[in-house]
């Protein structure tokens, strides 16, 4: 009896297969780009390029997927300055160290994410020496790649949370701390001198709290103002 093919988790990128699981791109309501983000994908396998490009689709991303390795040097030397380069470590006919040198010389401001189907300690060390932001091993989850890319762009100040998402995150942090202390909104209103309706809107993320409000809440809840933003910290 023939063995059934090994099942992979949903959203896993299978190198060499045309059929790919695709997940929804990052929600523009949650993250906003401060500029049009230039992304270059370099991989000799066209289906892989296509899958990564589809996974990162965003209205403010300009993505170029390059599988013709003869054009890599010219593309890196070109006038476009990339914010992010996703590079397959093994490119047939090209020296990896040469490509990394091209990136260093011609795209010094670009963040680099290296992906590989042949992970070794030496390859990882070479990538880190080239200041790669991350070193991912194939096959990997599409969600993992997208999360890595978004985290990288946030750390570089190229993406930020929308005000709506920010308000909701702060409101949730206030509500969670209040419940830990087993305090009602009415009790918080009395201790801070803030109106019950206003506090309710803040917790629901419908109103942006002022610095004065956050200061009063931090004293009442026994936390620092920065703690209300803890969940927004990037790695």
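Taken as a whole, the structure leaves residue 138 outside the set of residues that are crowded, with 16+ Cβ neighbours inside 10 Å and without any contact (Cβ under 8 Å) to a residue 40 or more places away in the chain. Can you pull out every residue in the stretch 39-65 that is touching a strand residue (DSSP E or B) at 6+ places or on another chain (Cβ under 6 Å), surrounded by fewer than 18 Cβ atoms within 10 Å (Cβ to Cβ) and outside any loop (DSSP other than H, G, I, E, B)? Listed by number, the residues that qualify are 53, 62, 64.
Scanning the stretch 76-89 for residues that are under 24 Å from the mean Cα position of the chain (by Cα) and not in a helix (DSSP H, G or I) turns up 80, 81, 82, 83, 84, 85, 86, 87, 88, 89.
Here, each number is a calculation from the coordinates, and none is a lab measurement. Keep in mind that what you see is a predicted model, and the values were worked out from it rather than measured. Cβ atoms come from the backbone with ideal geometry, glycine included; neighbour counts cover every protein chain shown.
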